[in-house]
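*Asks:* Quick one: this structure, given as structure tokens, is what I'll be asking you about.
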Amino acid sequence: MSTPFAAALAAGDMASLARDCLAQLPRTEKDATLGILYVSEPAAPVLPQLVRDLAAGTGINSWVGGVGLGICAGGEEIYDRPAAAVMIAPLPSDSFRLFAATDDPEVDQHVFDLAEARGVWVHCPDDPSRCSAHAMALVRRGPVQVAVTTSGTSPALAAYLRGYLDARLDPALGDVAALLGRLRRELLDAGATTEGRTWSDVVDDELVAAVAAGDLERAESRVRAAVLPVGAEP
């Protein structure tokens with residue numbers, strides 16, 4: 001079941017945008033935890049104050065959104081005048097993360113302070129001092145994920161390293177992980193332990209090469225020979 005969003009749209013006087021939006025939002029939505037705000041370009045100058053007013057009026061500390069050329073909401077397309085569209089929803093606080101990227105240091109600091117107070121991770125691009133988490137450049141091979149971060153110092157370097165790893169990590173690694181996971185589960189289902197077995201002795205280039213060549217029977221036999229003999233029985 002999808003989470004219900006309450007919505008509001010206001011246009012016209014910039015000074016009344018927050019008041020008009022708050023008047024449309026249901027007073028019963030006391031459990032709302034996330035606010036989404038979009039404003040038209042003419043309303044951009046009041047965005048920081050608009051966020052503060054909406055936060056104060058709704059009790060919601062977590063806000064996302066941005067400025068667009070216009071807003072399409074409520075059957076209207078508004079481009080040439082100040083306008084704001086608001087949505088609020090009761091989402092579990094651990095189901096979303098905040099990215100502070102407003103180009104306004106005051107707003108970014110406000111977002112960071114609120115996130116820190118609530119124990120929520122926040123990422124502010126190009127400002128490591130306002131980050132409690134950093135975006136990762138990921139390389140995926142099925143269940144295998146390799147993450148690269150430069151702790152906010154250089155997204156370009158992170159992208160380069162991702163490409164470097166992507167070109168060198170064998171596509172078969174995902175199938176290798178699936179094979180090893182299946183054999184580990186077989187042991188656990190039999191009531192045996194997976195500890196104290198020589199997994200590291202068999203996870204090597206030879207195993208990856210066998211899986212990459214499609215010789216899964218040889219790969220599985222090699223793992224079983226190395227791992228299962230000692231205490232294999234429950």
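*Asks:* Please count how many residues of segment 49-63 are touching a Gly at 6+ places or on another chain (Cβ under 9 Å) and either in a helix (DSSP H, G or I) or surrounded by fewer than 15 Cβ atoms within 10 Å (Cβ to Cβ) (or both).
*Replies:* 4
*Asks:* If the Cβ limit is 6 Å and pairs must be 6+ apart or interchain, which residue in segment 132-158 that is over 23 Å from residue 171 (Cα atoms) and loosely packed, with under 13 Cβ neighbours inside 10 Å pairs with which residue that is modelled with pLDDT under 90 and of a type in the set (Asp, Glu)?
*Replies:* Nothing qualifies.
*Asks:* For segment 54-90, how many residues meet the condition of being among the acidic types (Asp, Glu) and modelled with pLDDT under 85? Step through it out loud before you land on a result.
*Replies:* Just the residues of segment 54-90 that are among the acidic types (Asp, Glu), to begin with: 76-77, 80.
Next, only the ones that are modelled with pLDDT under 85 stay: 76.
Count: 1.
*Asks:* Could I ask something else about it? In segment 64-161, which strands (runs of 3 or more DSSP E) lie fully inside it and hold 2 or more residues that are farther than 20 Å from residue 18 by Cβ? Working first, answer last.
*Replies:* Details: elements: 71-73, 76-78, 83-89, 137-141, 144-148.
Where strands (runs of 3 or more DSSP E) fall fully within segment 64-161 and carry at least 2 residues being farther than 20 Å from residue 18 by Cβ, they are 137-141, 144-148.
*Asks:* Considering 117, 85, 89, which residue is under 23 Å from residue 51 (Cβ atoms) and surrounded by fewer than 13 Cβ atoms within 10 Å (Cβ to Cβ)?
*Replies:* Details: 85 fails: surrounded by fewer than 13 Cβ atoms within 10 Å (Cβ to Cβ); 89 fails: surrounded by fewer than 13 Cβ atoms within 10 Å (Cβ to Cβ).
Result: 117 is the single residue among 117, 85, 89 that is under 23 Å from residue 51 (Cβ atoms) and surrounded by fewer than 13 Cβ atoms within 10 Å (Cβ to Cβ).
*Asks:* Would you confirm, using the coordinates I've provided, whether residue 173 is out of contact with any Asp or Glu (no Cβ under 9 Å at 6 or more places or on another chain) and modelled with pLDDT under 95? Walk me through it before giving the result.
*Replies:* Details: out of contact with any Asp or Glu (no Cβ under 9 Å at 6 or more places or on another chain): yes; modelled with pLDDT under 95: no.
So residue 173 fails the test.
*Asks:* While we're on this one: If I ask for residues that are modelled with pLDDT of 85 or more and within 15 Å of residue 226 (Cα to Cα), which ones from segment 188-204 would you list?
*Replies:* Those that are modelled with pLDDT of 85 or more and within 15 Å of residue 226 (Cα to Cα): 199, 200, 201, 202, 203, 204.
*Asks:* Same structure again: Restricting attention to segment 14-53, which residues are acidic (Asp, Glu) and modelled with pLDDT under 90? Full working, then the answer.
*Replies:* Applying the first criterion (acidic (Asp, Glu)) to segment 14-53 yields 20, 29, 31, 41, 53.
Within segment 14-53, 29, 31 meet the criteria.
*Asks:* Further, regarding this structure: Kindly provide the set of residues from segment 119-150 that are of a type outside the set (S, T, N, Q) and at pLDDT 85 or above, ordered by number. Can you show your working first?
*Replies:* Within segment 119-150, the first condition is being of a type outside the set (S, T, N, Q), and the residues that meet it are 119-128, 130-131, 133-144, 146-148.
Within segment 119-150, 137, 138, 139, 140, 141, 142, 143, 144, 146, 147, 148 qualify.
*Asks:* How about segment 152-171: which of its residues are within 17 Å of residue 123 (Cα to Cα) and touching a helix residue (DSSP H, G or I) at 6+ places or on another chain (Cβ under 6 Å)?
*Replies:* Answer for segment 152-171, where residues must be within 17 Å of residue 123 (Cα to Cα) and touching a helix residue (DSSP H, G or I) at 6+ places or on another chain (Cβ under 6 Å): just 152.
*Asks:* While we're on this one: Does residue 62 qualify as being among the polar types (S, T, N, Q), within 18 Å of the chain's Cα centre (by Cα) and in the same structural domain as residue 25 (by TED's automatic domain parsing)? First the steps, then the outcome.
*Replies:* Values: among the polar types (S, T, N, Q): yes; within 18 Å of the chain's Cα centre (by Cα): yes; in the same structural domain as residue 25 (by TED's automatic domain parsing): yes.
For residue 62, the condition - among the polar types (S, T, N, Q), within 18 Å of the chain's Cα centre (by Cα) and in the same structural domain as residue 25 (by TED's automatic domain parsing) - is met.
The values are calculated or read from the model by the stated rules, or taken from the named source; none is laboratory data. The structure displayed is predicted, hence computed values, not measured ones. Note: ideal-geometry Cβ built from the backbone for every residue, glycine included; neighbour counts use all protein chains shown.
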